[in-house]
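The values are calculated or read from the model by the stated rules, or taken from the named source; none is laboratory data. Predicted model, so just to flag it, every value in this text is computed and none were measured. Cβ placement follows ideal geometry from the backbone for every residue including glycine, while neighbour counts extend to all protein chains displayed. Note: accessible area is taken over every heavy atom of the protein model, side chains too, but ligands, DNA and RNA are not part of it. Shrake-Rupley method; radii C 1.70, N 1.55, O 1.52, S 1.80 Å.
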Amino acid sequence: MRAYFECEKEGCGKTYPLGQVVYRCERDGSLLSVKQDLGALQNQFALEDLRDVFDARRGRAVDELRGGVWRYKELVLPDIDTKDIVSMNEGTTPMIRAENAGAPYDAVELYVKLCGNDVTGSFKDLGMTVLVSEVNAIRNAGALVAGIACASTGDTSAALAAYGARAGIPVFVFLPAGKISTAQLVQPLAHGAHTLSLCTDFDGCMKLVQEVTERENLYLANSMNSLRIEGQKTIAFEILREFGWTAPDYVVVPGGNLGNVSAIAKGFREAIALGLCEKTPRMVCAQADAANPLYRAFKTDFAEFEPVIAKQTSASAIRIGNPVSYERAKKALLESEGIVETVSEDDLANVGAHFDRSGFFTCPQTGVALCALTKLLLREEIERGARIVVISTAAGLKFTEYKVAYHEGKLADVRSNLSGRKIELPANADAICEAIREIAG
Ligand SMILES: *Cc1c(COP(=O)(O)O)cnc(C)c1O
Ligand SMILES: [Zn+2]
């Protein structure tokens, strides 16, 4: 086996095959991570060859491995049979230079990686293609798995529903009633997922789905399941490839359950181990004041960690008070001299709106990341000239209610500094010209 689950507890060392239905160590209950046998890979390929193998798969319409996750199959699920892969060419998302955002951003080299430009509109597709592929392989090998279930703040359920539909595997999603956007609710419905709306918050859904999956022979798709991390870590490989296999100085990620920040750090760690790049970027995790347990722990140098009750925030996808991947994120931050920053509702909305004025259409979570970056630049904690990648985690179009409320000045705790107003006019050229002259001043 070139990849397997390994217990994350120091000194335990217990391993499990990826085809086994197991989420925690049977000996001590710790989370599991996927361990890749990088030595075997290094024996199989010379470094240059490995990069060539990855590159050659790009953009080939008929190749199952053409997407931005499976292009790196040898580092994701090296042992899976290609026929079991459930892919929709995910991960080939653009990374765009933020050129005209003005000060303080013009002092650095800033890129935004649009991970929301994926089939279901968020980076969750990257992990879900891997998890659903593995479950597909398990079912095709004859094991009894009745379906896949997850708890979600919206985007995980959309991704699971889409990939489950593609694979023909039943999906059950556990959603907190009234706490996700309309788009996020309609996505699992459209894909035919069994959509359970529950009167609790995300953390409540998470508890329930763990109990129900155990009792009903369903596979659990939450990010405690480290198969998803293997897909999401390819964000690091994609960033490296776009910079000619050199690492940026900083990667800024909005964090909720903290799987993604851990995943991207793992990608860089493995790239270094293989010699694909030479250094790791400093990871910056951005949280909203309403749900910032990681920030609070960071402030104690990770001496203490207290879950919080997550409060109302526009950044609903990171409204999580008890992040399951806390230990993984802590490790990622300590190893990379990382930083955690927290932002207010007012700031995240206005910074997002500022970037919209330069052509982006930011989701509120991306607003959190951009806002955290802004604070670090203003405090000069990030040096001039640094090369920075901000991970945009979802498409802004998934959050239309939020965008409309911002521009109508109706967001709680937000003073909309950049609201756009529609101009109502009669359908008459004279009236329109007059209005335009007035605007032009
Ligand atoms: C899931 C999600 C996040 C948070 O990722 P974690 O791995 O839970 O930290 C951020 N933004 C969006 C849009 C998401 O869907
Ligand atoms: Zn263990």
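Under Stokes-Einstein, with the Kirkwood radius over Cα pairs standing in for Rh, what whole-number D in µm²/s applies to the stretch 266-309 at 25 °C and 0.890 mPa s? Present the calculation step by step, with values, prior to reporting the outcome.
On the way: Rh = 12.6 Å.
Answer from the Stokes-Einstein relation: 196 µm²/s.
Within the stretch 254-328, which GluC sites (Glu not before Pro) sit in a loop by DSSP and count at most 10 neighbouring Cβ atoms inside 10 Å?
The qualifying sites are 278, 304.
Describe numerically, in nm with one decimal, the distance between label points set 7 Å from Cα along Cα→Cβ at residue 27 and at residue 430.
Placing both labels 7 Å along Cα→Cβ, they lie 8.7 nm apart.
Using a 1.4 Å probe, what is the accessible area per residue for the chain, in Å²?
42
Against the empirical 2.2 N^0.38 Å scaling, what ratio does the C-alpha Rg of the chain come to?
Dividing the Cα radius of gyration by 2.2 N^0.38 Å gives 0.98.
Using alpha carbons only, how many angstrom separate the centre of the stretch 202-256 from the centre of the stretch 8-38?
Taking the Cα centre of the stretch 8-38 as reference, the centre of the stretch 202-256 is 16 Å away.
Let's test this: bin the Cα-Cα distances of the stretch 202-297 at 5 Å from zero up to the farthest pair and state each bin's percent.
P(r) over the stretch 202-297, rounded to whole percents: 3, 12, 19, 18, 16, 13, 9, 6, 3, 0.
Give me the percent of accessible area attributable to carbon and sulfur for the stretch 153-226, probe 1.4 angstrom.
54
Express the relative contact order of the stretch 159-239 as a whole percentage, based on alpha carbon pairs under 8 Å and six or more residues apart in sequence.
About 26 percent, as a whole number.
Quick one, what does Rg over Rh come out to for the stretch 245-385 if you take C-alpha atoms and the Kirkwood Rh?
That ratio is 0.97, to two decimals.
What is the projected area of the convex hull of the Cα atoms of the stretch 1-108, averaged over all directions, in nm²?
11.1
Give me the three principal axis extents of the stretch 310-440 from the C-alpha atoms, as integers in angstrom, largest value leading.
The Cα atoms of the stretch 310-440 stretch 64, 35, 23 Å along the principal axes, largest first.
Cα centroid distance between the stretch 332-364 and the stretch 371-401, in Å?
The two parts, judged by their Cα centres, are 4 Å apart.
Using R₀ = 25 Å, calculate the FRET efficiency as 1/(1 + (r/R₀)^6) where r is the Cβ-Cβ separation of residue 417 and residue 337; round to 0.05. Let's see the in-between values first.
Values: r = 33 Å, r/R0 = 1.33.
After rounding, the FRET efficiency stands at 0.15.
At 7 Å along Cα-to-Cβ for each site, give me the label-to-label distance between residue 397 and residue 109 in nm.
For the pair residue 397/residue 109, the computed spacing is 3.2 nm.
By the scheme Lys and Arg +1, Asp and Glu -1, what is the net charge of all other residues having a beta-carbon under 10 Å from that of residue 80?
Charge balance near residue 80 sits at -2.
Projected onto the charge dipole of the chain (+1 at Lys/Arg Cβ, -1 at Asp/Glu Cβ, origin at the Cα centre), which of 364, 190, 30 gives the Cα projection farthest towards the positive end?
It is 190, whose Cα lies furthest towards the positive end.
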